[in-house]
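The values are calculated or read from the model by the stated rules, or taken from the named source; none is laboratory data. Predicted model, so just to flag it, every value in this text is computed and none were measured. Methodologically, a virtual Cβ is constructed for each residue, glycine included, from the backbone with ideal geometry; neighbour enumeration extends over all protein chains shown.
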Amino acid sequence: MTFMRNTRKCLVGKVFYDLTVLEYIGSKPATSTNPRKRPWYKCQCVCGKIIEICGKYLTCNHTKSCGCRKIIVADKQINSTLYKGTRPCLLKSTKVRGDNITQERNICLTRDGGFDVSMTIQGKRFRKYFVNINEAIIFRDNIKEKYAKPIIEEYYNNILPSPTCIKTIQ
Ligand SMILES: [Zn+2]
């Protein structure tokens, strides 16, 4: 009991990464599968969200935010992950290289004034020469629609970050 009271006292006002402990809200099981009662707290995340969380997850550094931090981390992972031999973030990107005169992704101006469409999806290389830039754009967009879009959708729909062990108060 002494331990419980001390834990209660020492956690209120403390900051655990993005979470500031506002108040002690009572004792209840940490998870639905573990009947042992633990102190719970109301915390505010740096993003402004108020959550209720079991103190255990704060003190063991398990939970560092309301879940928004996890989403940022997941986004970073998504951005560098190789999926089915390709990087979904690059397929999704519309950013054009600074030195690209055409200002169209995957389309380069050739020496004779034509346009080279060049892209690699899942190790498959697509390359075609066009005299007209509009035809080059149509070709590129068709390749994207047919080969890149299914991978992007599959990847982004299946990987959704899910914060655990916290309860969000609306
Ligand atoms: Zn947050």
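Computed quantities for the displayed model
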quantity	calculated
In the range 103-118, the residues that are under 30 Å from the mean Cα position of the chain (by Cα) and more than 24 Å from LEU82 (Cβ to Cβ)	GLN103, GLU104, ILE107
Residues of the range 28-61 satisfying the condition of being within 16 Å of the ligand (Cβ to nearest atom) and either in a strand (DSSP E or B) or more than 15 Å from LYS14 (Cβ to Cβ) (or both)	TYR41, LYS42, CYS43, GLN44, CYS45, CYS47, GLY48, LYS49, ILE50, ILE51, GLU52, ILE53
Residues within the range 111-159 that are part of a loop (DSSP other than H, G, I, E, B) and of a type outside the set (A, V, I, L, M, F, W, C), tallied	7
All positions within the range 100-156 that are surrounded by fewer than 13 Cβ atoms within 10 Å (Cβ to Cβ) and touching a residue at least 60 places away in the same chain (Cβ under 8 Å)	none
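Yes/no per residue for (1) modelled with pLDDT of 90 or more; (2) more than 22 Å from the chain's Cα centre (by Cα):
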site	(1), (2)
GLY48	yes, no
ILE51	yes, no
CYS60	no, yes
ILE71	no, no
ALA74	no, no
GLY85	no, no
ILE101	no, yes
THR120	no, yes
TYR129	yes, yes
